[in-house]
Every structure is written in C-alpha cells, then in structure tokens.
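The values are calculated or read from the model by the stated rules, or taken from the named source; none is laboratory data. Since the structure is predicted, the reported quantities are computational estimates derived from the model, not experimental observations. Here Cβ is always computed from backbone atoms with ideal geometry, including for glycine, and neighbour counts include all displayed protein chains. Accessible surface areas use protein heavy atoms only, side chains included; no ligands, DNA or RNA. Shrake-Rupley method; radii C 1.70, N 1.55, O 1.52, S 1.80 Å.
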Amino acid sequence: MSANSPAAVVVLAAGGGTRMKSNSLPKVLHEVCGRSLVGHAVAAAEELTPDQLVVVIGHMREKVAEHLVAHHPGARAVVQAEQNGTGHAVRTALEALAADGIELDGTVIVTTGDAPLLTGGTLSALAAAHAGQGNGVTVLTAVVPDPFGYGRILRDEADGAVAAIVEEKDASDVQRAIDEINSGVFAFDAKLLVDALAEVTTDNAQGEEYLTDTLEILRRAGHRVGAVVAADYRDILGINDRVQLAHARRLLNDRLLERAMRAGVTVVDPATTWFDVQVSYEPDAVVLPNTQLQGATHLGEGCEVGPNSTIKDTRIGAWANVSNTTADRAEIGDHAAAGPYAYLRPGARLARKAKVGTYVEVKNSELGEGAKVPHLSYIGDATIGEGTNVGAASVTVNYDGVNKHRTVIGAHCRTGSDNMFIAPVTVGDGAYTAAGSVIASDVPAGSLGVARAQQRNIAGWVQRKRPGTASAQAAAAATERDEQTPTEA
C-alpha cells in the first residue's frame, strides 16, 4: 500500500434503480463498454490502492456479491439490509469493518456505484486536495451546462469553503442559477466521519439518514468543508435509466477511441466503432467501420480489423487481416487472415499465415502455419497441419450425438471439395483426398483417399418417371436434336 493511499474507499451500490425497469438485473450490474457500473466504480477505487475497499450492496445482493467475487475479489461486500439512506449505508460499511477489528485512520473516500465515467485520476485529485487543505470533508463538485435537478454548492466568499449544499426544490432563483453541483462523492477524515454519522438523524421527508447532513455537522463543529471541481464535468454523471446508460456508453467509448488513436491506432469511423475497456493494441493497427471489439481483445501491430466485425476476447497477431468476421475467444496469428464472413468460435487458433475464408466456421481447432480453409466449410475439433489446403464445402463430422471426436489432417495435404471427415479420423502428411469423398477411415501419408460410389447413368429415367415436366420436355428436345445431328463417320 502507498503511504498516500486512503484508509478506505466505500462504494455505495445498494439502491434498487427502479428507473432502469429491469426485473432481472440490478442497476449496478448493467454494463458500459464491457464492464458493469459497479465494476467501473471499483476499478477507479482500486487505482488509489486503499487499505480497505468496501462495496455496500442491497438490492439483488446475491447477484451483486457473486459479480464482485468473480471480477473484483479484492473488494469486500457489506450488506445494507434496508436502504435507509446514504448516511446509513456508509455507517453500515464502517460498522462492518469495526466488527472485524479494523479501525480506520486517515482518509475515507465515499463514491457511488453508478458513475462509470469517474476515473481514478479524479479520485486521486480529490484525496490529494483533501489532505493538502486540511479539510474535515471535501466534496467533489462539477460545473455543468445544465444544473437542473442537482444540489447546488454554496461557497463562503471569504475562503471558498463550502457553506452549504442546497437541493433544487429548496433553492431560491439566485441559487438555481449556480452551475456548480454536488457529485455525491466525498473525502472524509475517518474519525470525524464516524463521529458525524452518529449525529445524523432521520428527521426529513424521506425518513432516511443523509450523508450530506454530515457536512453541516462538521462545519458547525469548526471543521472546514472544502470542494474540488472535477476537471471534466462528465466524470460525475450518474446513471438512473437506460437513456443515461446509452449516453454514458457513448461518452466512455469516445474516450477509449481517443486513447487508442493517440496511441497509434487508426480508427476509420469512430461513430460506428466500439471498444470495451479491456481492449489493448499496438501501433499501426487499423479498425474499419462497424466493428465492435469486446472483452480482452488485443490488436497486434499493423493488423486490420473490419469492416462489420465483432471480435471478443480474441488475440489478433501483427499484420493479420480480419474482415467481416465474428470471433469469440480465438487466436489469429501474425499475417493470418479471416473472412470475409468467417465465424471463429472458442478455441479456434490460426497460426502464422493461416487463412480461414468465406463462410467458414472454425471451433476448437488449430490451423498450422500457412494452412488454408478458403470456402464454405465447417472445421470443428480438428488439427490441420502446416501448408494444408482444405477444399470447399468440407466438414469435419465431429459429433456422434453423444461425444465429440477429433479429426487430424497432416501437413501439406490437399483435400478435395465436398469432403466429409467422419471423426475420429487421421489424414497423413502429404496425402490427398478425392472430391466428394466421405473419409471414414485413416488415409496414410502420401496416399490418395477416395470414398465415393461408382457413378451410373439410367437412360430415359426422367421421361419415364417425370412425364410432362419441364425437365422431361427439355430432355425430349435434346434427344430429338441429337437424333437429327449427323454423326461423323
């Protein structure tokens, strides 16, 4: 832990979020750019390396707790069984720590679980200003274009300290003209916070304990209430409904794209390109329009991705080309190619210079260096060696209705079009298979595998079995022409 780390960060994430209109998902688990709302709050808090990181949960607590364990195991979940206000939520968190013998000494940051644009840098600036100014509490504020609905910050003209926070409904016309608003994020002296929370009452219209009441309590006790203005007012925007969720997603995506472009990535059309927060990249990568990069996708140097591609948790190598492709948990090697219209499912691995072409689906399979599956094929549970070319309309028949089986095609093989490989089966190095074959037995190295019936033609079948049809008429006309055409001696 850093010497400047706060004693604790408390993330308030217990609310119901009724305006999200969701019966199955709590508000804080709705996602923005590949991370939940509460996940964004926790990630920002983690940048401060606090001694204690507490998330107060309540609504659909089981789901939120499971999510935290899976994605942020360093965060401690504390249940607020009844949502009795923000002050009660913070007091619940501190009491849970105290019950485990943890007595906080230093700065406590209180933040919200529904502000995905709030950054660790903004929280660090708040903590630094709080310590530097010697405040009892410091409010993170923002100057916004439209302050309607927010609590206004009233400052002391003498020293700029916060004199009060006035809610919209209680503000005068003059106060409503103030454009500095309360974000709901605070830095407290830990011991002063504990004492102030003990004095908070429920004597208000909602019958709840308000955290903001602690500001007046501390000010009356002679402690300075300071304020830090966020450098970007959008940092503090909270999410209350799905319209605001979409707005935040666009704002965060713009930030992510700008960061990528300044790092050397070409994004041809930012308006139709979407990045998740975990996406990483190297210089000179190119992203074409209508492309979504999700999860922990990585773009190698000079690769080109898109247009019209959705790539999730996939590693794309240097100078690879991925066009009109859907990929999920796949690996695409250096100078490899996928698409157009390819589908790479989990476990698809393309080695250097391998190619998966048009309308090809690959699942749990490896293609060796320079191997090609150019057209209209399904490759599932297979290993294909280097330099091998798989003919069009080929299928590895991997599923017997109960179990999956593996196909192995060796190096430098040439398999014919319209082949069915009935797994488990092995085609040896350098072997060929004939077009239209159903390969159900191993083909030794260097052999030609042929597995198709002898062709026979039944003369006159159409006229006898399909009389009166267009086919029968065409056949009769062709027969008449043939009979009238003189034959050479």
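In table form, for the structure just shown:
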{"quantity": "Hits in the range 314-334 - residues which are open to solvent by 60 Å² or more (accessible area, probe 1.4 Å) and either among the hydrophobic types (A, V, I, L, M, F, W, C) or part of a loop (DSSP other than H, G, I, E, B) (or both)", "calculated": "TRP319, ARG329, ASP334"}
{"quantity": "Options GLY226, GLY222; residue that is surrounded by fewer than 18 Cβ atoms within 10 Å (Cβ to Cβ) and closer than 17 Å to GLN133 by Cα", "calculated": "GLY222"}
{"quantity": "Qualifying strands (runs of 3 or more DSSP E) (wholly inside the range 60-153; at least 2 residues being in contact with a Ser or Thr (Cβ under 7 Å, 6 or more places away or on another chain) and buried (at least 22 other Cβ atoms within 10 Å of the Cβ))", "calculated": "137-143"}
{"quantity": "Near pairs, Cβ below 9 angstrom, 6+ apart or cross-chain, from the range 85-109 (at positive phi) to any residue that is of a type in the set (Gly, Ala, Ser) and assigned to a loop (DSSP other than H, G, I, E, B)", "calculated": "GLY85/GLY207; GLY106/SER5; GLY106/ALA7"}
{"quantity": "Residue list for the range 209-232, restricted to those being under 14 Å from VAL185 (Cα atoms) and not aromatic (Phe, Trp, Tyr)", "calculated": "LEU211, THR212, ASP213, THR214, LEU215, VAL225, GLY226, ALA227, VAL228, VAL229, ALA230"}
{"quantity": "Conditions (1) touching a Lys or Arg at 6+ places or on another chain (Cβ under 9 Å); (2) farther than 29 Å from HIS298 by Cα; (3) buried (at least 20 other Cβ atoms within 10 Å of the Cβ); number of the one not met by GLY436", "calculated": "(3)"}
{"quantity": "Residue check for ALA171: open to solvent by less than 70 Å² (accessible area, probe 1.4 Å) and modelled with pLDDT of 95 or more", "calculated": "no"}
{"quantity": "Enumerated strands (runs of 3 or more DSSP E) restricted to the range 378-421, each holding at least 1 residues that are small (Gly, Ala, Ser) and either at pLDDT 95 or above or within 15 Å of ALA440 (Cβ to Cβ) (or both)", "calculated": "378-380, 382-384"}
{"quantity": "Test: residue in the range 368-377 that is in contact with a Ser or Thr (Cβ under 8 Å, 6 or more places away or on another chain), in contact (Cβ under 8 Å) with a residue 24 or more places away in the chain and more than 13 Å from ILE316 (Cβ to Cβ)", "calculated": "yes"}
{"quantity": "Check on VAL166, open to solvent by 10 Å² or more (accessible area, probe 1.4 Å), of a type in the set (A, V, I, L, M, F, W, C) and over 38 Å from the mean Cα position of the chain (by Cα)", "calculated": "yes"}
{"quantity": "Hits in the range 340-359 (condition: part of a loop (DSSP other than H, G, I, E, B), more than 17 Å from ARG414 (Cα to Cα) and open to solvent by less than 10 Å² (accessible area, probe 1.4 Å))", "calculated": "ALA342, ALA348"}
{"quantity": "Of all residues in the range 458-472 being of a type outside the set (Val, Ile, Thr) and within 60 Å of the chain's Cα centre (by Cα), the one that is surrounded by the most Cβ atoms within 10 Å (Cβ to Cβ)", "calculated": "ALA472"}
{"quantity": "So VAL28, is it farther than 30 Å from ALA131 by Cβ and in a helix (DSSP H, G or I)", "calculated": "no"}
{"quantity": "Residues (at negative phi, surrounded by fewer than 24 Cβ atoms within 10 Å (Cβ to Cβ) and not in a strand (DSSP E or B)) located in the range 360-375", "calculated": "GLY368, GLU369"}
{"quantity": "Residue in the range 176-192 that is in a helix (DSSP H, G or I), open to solvent by 80 Å² or more (accessible area, probe 1.4 Å) and more than 30 Å from GLU95 (Cα to Cα) present", "calculated": "yes"}
{"quantity": "Residue check, ARG152 without any contact (Cβ under 8 Å) to a residue 40 or more places away in the chain and within 21 Å of ARG220 (Cα to Cα)", "calculated": "yes"}
{"quantity": "The range 231-244 - residue that is in contact (Cβ under 8 Å) with a residue 60 or more places away in the chain, open to solvent by 70 Å² or more (accessible area, probe 1.4 Å) and not in a loop (DSSP other than H, G, I, E, B) and, of those, farthest from ASN182 (Cα to Cα)", "calculated": "ARG242"}
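Listed here are the residues, each with its yes/no results for (1) touching a residue at least 12 places away in the same chain (Cβ under 8 Å); (2) under 30 Å from LYS21 (Cα atoms); (3) of a type in the set (Gly, Ala, Ser).
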residue: THR202; (1), (2), (3): yes, yes, no
residue: ALA221; (1), (2), (3): yes, no, yes
residue: ARG224; (1), (2), (3): yes, no, no
residue: PHE275; (1), (2), (3): yes, yes, no
residue: TYR281; (1), (2), (3): yes, no, no
